[in-house]
Amino acid sequence: MSLPATSKVPFGGDYNPEQWPEDVWKEDHRLFDLARIDTVTLGVFDWALTQPAEDVYDFALLDRIVELAGAQRRGICLATGTGAHPPWLAKAHPEVTRTDFEGRRHRYGQRHNSCPSSPVFRRLSTELARRVARRYAGHPAVVAWHVGNEYGGACYCDLCAAGFRAWLRRRYGTLDQLNAAWYTTFWSHTFTDWDQIEPPSALTEHWRGPDHTAFPGITLDYLRFTSDAMLTNFRDEKAAIREASPDLPVTTNFMGMYRPVDYHRWAEHLDFASWDNYPPDDSSAARMALTHDLMRGLKDGQPFWLMEQTPSVTACRDVNPVKRPGLMRLWSWQAVAHGADAVLFFQLRASRGACEKYHGAVIGHAGRSDTRVFREVAELGAELDRLGDASLGARTPARVALLFDWDSWWALEISDGPSRLVRYQQVVLAYHRALWDAGVDLDVVAVTADLSRYDVVVAPALHMLKGDLPQRLEAVAARGGSVLTTYLSGRVDENDNAFLMDVPGPLGQLMGVRVDEWDAREPAVVNPVRLGAGPDQVEVGSRLLFELVVAQGAEVVGTYRADFYAGTPAVTRNAFGAGHGWYVAAGLDQAGVRWVVRRVLARHDLLGPYPDVPDLESAVRVAPDGTRLLFLLNHRAEPVEVTARTGGVDLLTGDRVPPGGPLRLPERGVVVLREDR
């Protein structure tokens with residue numbers, strides 16, 4: 001089972017008519033027609049309405065909402081309503097609320113406040129999902145099911161402690177295996193009974209905060225357990241839905257690069273991926289591209305749904321800038337360029353009260369259709385109508401893979417050394433940014449992914465090595481590919497224990513280097529690195545971490561220029577089979593990362609069509625019938641003109657573009673070129 005069956009890119013978003021009197025609903029649908037809204041997500045937070053008491057279910061209101069949406073020919077992504085539990089549930093069963101990292105039992109409030117290990121929560125949330133599916137499975141307007149909402153957070157209660165111990169029994173089998181994995185001979189921690197094990201928290205193994213732990217192995221496993229516990233909640237509800245609806249796809253909305261939940265562990269259980277895109281600022285084009293590619297990579301390149309984005313502003317940050325004219329359209333098309341087969345908003349009508357009343361919406365509090373935001377939404381809807389089904393099911397023809405690993409993220413950032421200033425996500429973003437600037441079509445994939453179809457594999461801060469990954473990376477290079485990795489890679493095994501060998505551990509043969517020491521410094525300390533030789537030589541900066549490398553067969557490409565290790569290798573390239581292993585031992589600045597990445601790509605002729613035009617993004621999708629769609633997105637605030645590399649038709653304007661002809665994109669402009677065959 002895959003994506004919902006649709007005839008075009010679904011366009012619409014999260015709609016909460018239960019917050020409004022019914023005389024508003026018909027006006028909403030009139031405005032939806034003007035904006036070309038064809039899809040609504042309903043019922044995300046309806047638990048208190050559809051189940052007002054433990055033994056009472058009342059679907060009368062949701063019935064009317066669903067019937068009206070269906071009568072107006074909207075497709076419905078119908079939620080189970082379990083995104084937040086109701087007050088009566090917490091009052092009757094206080095154990096359903098969470099205990100936080102400091103050991104405080106929370107009372108009723110907010111939304112991420114349900115203990116994933118609570119039998120009562122699991123029973124009642126599953127039963128609600130079962131009844132929703134049973135009631136609406138046959139409705140022709142329902143195209144997909146939406147379970148929960150933005151799963152996240154953690155709980156440290158006694159129920160979770162018991163759940164953790166059961167999870168550990170399944171993982172390790174015996175206490176001897178667990179003690180070995182956690183290295184419990186340190187600090188007299190050897191466990192002789194499963195009941196002695198406590199969740200790692202501020203009351204047990206941690207100090208200062210969640211990333212400061214005496215036993216990273218324990219904390220790492222609790223992070224894994226917490227992600228799996230919430231996945232169990234999702235699987236409970238999905239199984240209940242399947243009883244009445246065996247054919248409609250089921251999803252939940254992810255949050256992109258969200259550290260607490262390992263989406264790779266979840267991916268196989270979703271019929272299609274979907275996510276909510278709320279970038280931290282209005283200059284995050286590369287970051288969003290990375291996250292779109294990550295979401296697409298969860299299901300082996302299958303397109304995803306952009307489940308939420310704001311049409312204008314968010315309301316959850318200290319400062320919430322409005323999207324400048326054209327930015328919402330540009331970012332929506334960027335999502336489509338990277339694999340989105342739906343473009344949806346939060347929210348369609350603004351809430352009148354509570355914490356999201358100032359969050360952007362297609363329809364504001366006054367209900368007007370003559371605002372800039374509404375006009376831009378309507379124009380985008382018209383463009384998606386013109387696009388039709390051209391991009392549905394289209395895949396990205398990537399020859400470059402970027403490895404993204406939650407275990408490495410967790411293990412690196414809970415490590416007591418070498419530097420807490422090195423953040424996994426920032427390292428990945430730097431290397432992705434260099435690929436994005438070069439116009440590369442790439443997949444962002446798990447470390448377990450099949451790497452046989454890629455010519456280049458980039459693995460920044462691959463801190464943890466699991467399974468046969470070192471052998472599979474060697475196979476990439478052996479057949480002529482290039483593998484690029486960085487400092488702090490190959491340090492620990494899957495239990496977060498150091499390899500008893502030279503750094504970078506099992507990657508040493510591929511990289512042809514040995515790391516004997518490493519130097520961590522404050523951000524103000526810059527060690528220049530000289531890259532290349534002759535006319536190609538450049539000098540760049542490096543910060544935070546400097547590994548002291550001994551080349552063992554590798555060619556030295558860059559050297560440190562300062563401190564007692566001046567003149568020693570900072571960047572190396574090792575011949576391995578028909579290909580290469582590249583090792584970057586220093587925290588190079590963006591110019592240095594760009595220099596290295598472009599040399600790796602050039603060997604494989606993988607630079608994009610316009611790699612030297614700043615902020616002009618290119619992406620390719622190939623439709624099921626073989627049609628190639630070239631997306632060009634101008635992220636600049638001024639026009640840009642380039643020469644068309646291929647001929648085709650711009651699907652947004654209908655204009656024909658001859659090969660070699662001019663392509664002019666206005667500020668924040670978009671071209672979707674259906675290339676000639």
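What the table shows:
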item: Cβ-Cβ under 8 Å pairs, at least 6 apart or on other chains, the stretch 166-185 side surrounded by 13 or more Cβ atoms within 10 Å (Cβ to Cβ), far side at pLDDT 95 or above and small (Gly, Ala, Ser); result: Trp167/Ala229; Tyr172/Ala181; Ala181/Gly217; Trp182/Gly217; Tyr183/Gly217
item: Of the criteria (1) under 30 Å from Pro614 (Cβ atoms); (2) touching a residue at least 60 places away in the same chain (Cβ under 8 Å); (3) in contact with a helix residue (DSSP H, G or I) (Cβ under 7 Å, 6 or more places away or on another chain), which one Phe304 fails; result: (2)
item: Search result, residues across the stretch 456-503 that are hydrophobic (A, V, I, L, M, F, W, C) and farther than 30 Å from Asn179 by Cα; result: Val456, Val457, Val458, Ala459, Leu473, Ala475, Val476, Ala477, Ala478, Val483, Leu484
item: Neighbours by Cβ (under 7 Å, 6+ apart or cross-chain): first from the stretch 434-455, buried (at least 23 other Cβ atoms within 10 Å of the Cβ); second of a type in the set (Phe, Trp, Tyr); result: Val444/Phe404
item: Flag if Ala554 is assigned by TED's automatic domain parsing to the domain that holds Thr485 and either under 30 Å from Gly417 (Cβ atoms) or not small (Gly, Ala, Ser) (or both); result: yes
item: Scope the stretch 103-149; condition under 24 Å from Asp276 (Cβ atoms) and in contact with a His (Cβ under 8 Å, 6 or more places away or on another chain); matching residues; result: Asn113, Ser114, Phe121, Ser125
item: Wholly enclosed strands (runs of 3 or more DSSP E) of the stretch 433-535 bearing at least 1 residues under 30 Å from Asp612 (Cβ atoms), among the hydrophobic types (A, V, I, L, M, F, W, C) and in contact with a helix residue (DSSP H, G or I) (Cβ under 7 Å, 6 or more places away or on another chain); result: 442-445, 456-459, 482-486, 529-531
item: Any hit, the stretch 213-222, residues being of a type outside the set (D, E, K, R), closer than 30 Å to Pro140 by Cβ and crowded, with 21+ Cβ neighbours inside 10 Å; result: no
item: Residues of the stretch 646-661 classified as modelled with pLDDT under 95 and under 26 Å from Ala286 (Cβ atoms), total; result: 1
item: Filtered residues of the stretch 121-171 (kept if out of contact with any Gly (no Cβ under 6 Å at 6 or more places or on another chain), of a type in the set (Gly, Ala, Ser) and within 19 Å of His269 (Cα to Cα)); result: Ser125, Ala129, Ala133, Ala144, Gly152
item: Residue ID - nearest to Arg208 (Cα to Cα), chosen from residues in the stretch 370-407 that are out of contact with any Lys or Arg (no Cβ under 9 Å at 6 or more places or on another chain) and in a helix (DSSP H, G or I); result: Arg372
item: Residues of the stretch 650-677 satisfying the condition of being closer than 21 Å to Asp385 by Cβ and of a type in the set (Gly, Ala, Ser); result: Gly654, Gly669
item: Those strands (runs of 3 or more DSSP E) lying entirely in the stretch 573-677 with at least 1 residues more than 28 Å from the chain's Cα centre (by Cα), surrounded by fewer than 14 Cβ atoms within 10 Å (Cβ to Cβ) and among the hydroxyl-bearing types (Ser, Thr, Tyr); result: 640-643
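The values are calculated or read from the model by the stated rules, or taken from the named source; none is laboratory data. Only a predicted model underlies this, so the values are computations on that prediction, with no experimental measurement involved. Note: ideal-geometry Cβ built from the backbone for every residue, glycine included; neighbour counts use all protein chains shown.
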